[in-house]
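Working notes for the structure below.
The values are calculated or read from the model by the stated rules, or taken from the named source; none is laboratory data. Only a predicted model underlies this, so the values are computations on that prediction, with no experimental measurement involved. With ideal geometry, Cβ positions are generated from the backbone for all residues, glycine too; neighbour counts draw on all protein chains shown. Heads up: the accessible areas ignore ligands, DNA and RNA and are worked out on the full protein's heavy atoms, side chains in. Shrake-Rupley method; radii C 1.70, N 1.55, O 1.52, S 1.80 Å.
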Amino acid sequence: MTLLDVPFADVRGDTLRWTLAPIPCTPLASRTVSLTAGLTVTLSVLGASHQVVVRRHGRPLLHETVACGIAEAAPLPAAHAAGGYRLASHVGEMRPEELAAQASRLVERLEGRTDAVVAHFPGDPHAVTALALDKVGERQITWNTWHTYPQTGEIVATTTSYRPEEVTSV
C-alpha cells in the first residue's frame, strides 16, 4: 500500500476517459510483474486514475489508460472488445458507510500481494485506486482496477482481459 502526498485529482466516475493510445504518464505508484514468455505487466496509479502497460521483451504491446483530463480519449465505456482486448467497466453507487466498508475490504484483500498496487489519496482514507492481476496465462492476462470516489459515493471497477497473440492492433 502506498500513501500518496498529492491531491485526489479525480472528481467523479463519469469524468473518466479511456484510451489504448500510448499516453506518457508519470506514475505515483507502480508495480511491474514479470510473467512467462518475456511478458511483463506494469500496473500504475496516476494522479488521475490508472495505466496498465503490457510488454514483451521490453517492447510495448498494449497501453490502457483510464484517467481524467485526457482530451483525445473516449468516455470510459461499459464494454469494449477488439482483437484480443476486452474491457468491462461498472460504476457502483453507495452510501458513505458502504463505500468505506468496500474500500477497506479491497485494501485488506490486496495488501501484501506482489501482483497488485494500492494507493491511498490524502484527505479521505477511502479515496483509493487499486490495480491487481487476476488471471495470468501464456495466452491471456486479466486484471482488475478499482477507483473509489468518497465525495460522490462511487466505486468504478474495470476488468480487462488481453490475449497478446491475437492482437494486431487495438
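Of the residues making up region 94-112, none is open to solvent by 10 Å² or more (accessible area, probe 1.4 Å) and closer than 25 Å to Pro164 by Cα.
Among the strands (runs of 3 or more DSSP E) confined to region 15-106, the ones with at least 1 residues that are small (Gly, Ala, Ser) and in contact with a strand residue (DSSP E or B) (Cβ under 8 Å, 6 or more places away or on another chain) are located at 29-34, 39-46, 49-56, 59-67, 79-82, 85-93. Within region 132-147, residues that are farther than 27 Å from Glu93 by Cα and touching a residue at least 12 places away in the same chain (Cβ under 8 Å) sit with their Cβ atoms under 9 Å from residues that are open to solvent by 30 Å² or more (accessible area, probe 1.4 Å) and assigned to a strand (DSSP E or B), at 6+ positions apart or across chains, in these pairs: Ile141/Asp134; Ile141/Lys135. Cβ-Cβ contacts under 6 Å between residues 6 or more apart (or on different chains), taken from a first residue in region 22-38 that is surrounded by fewer than 11 Cβ atoms within 10 Å (Cβ to Cβ) to a second residue that is part of a strand (DSSP E or B), are listed as Ser34/Thr40. Could you list, in sequence order, all residues of region 121-143 that are of a type outside the set (Gly, Ala, Ser) and open to solvent by 30 Å² or more (accessible area, probe 1.4 Å)? Listed by number, the residues that qualify are Pro122, Asp124, Pro125, His126, Asp134, Lys135, Val136, Glu138, Arg139, Gln140.
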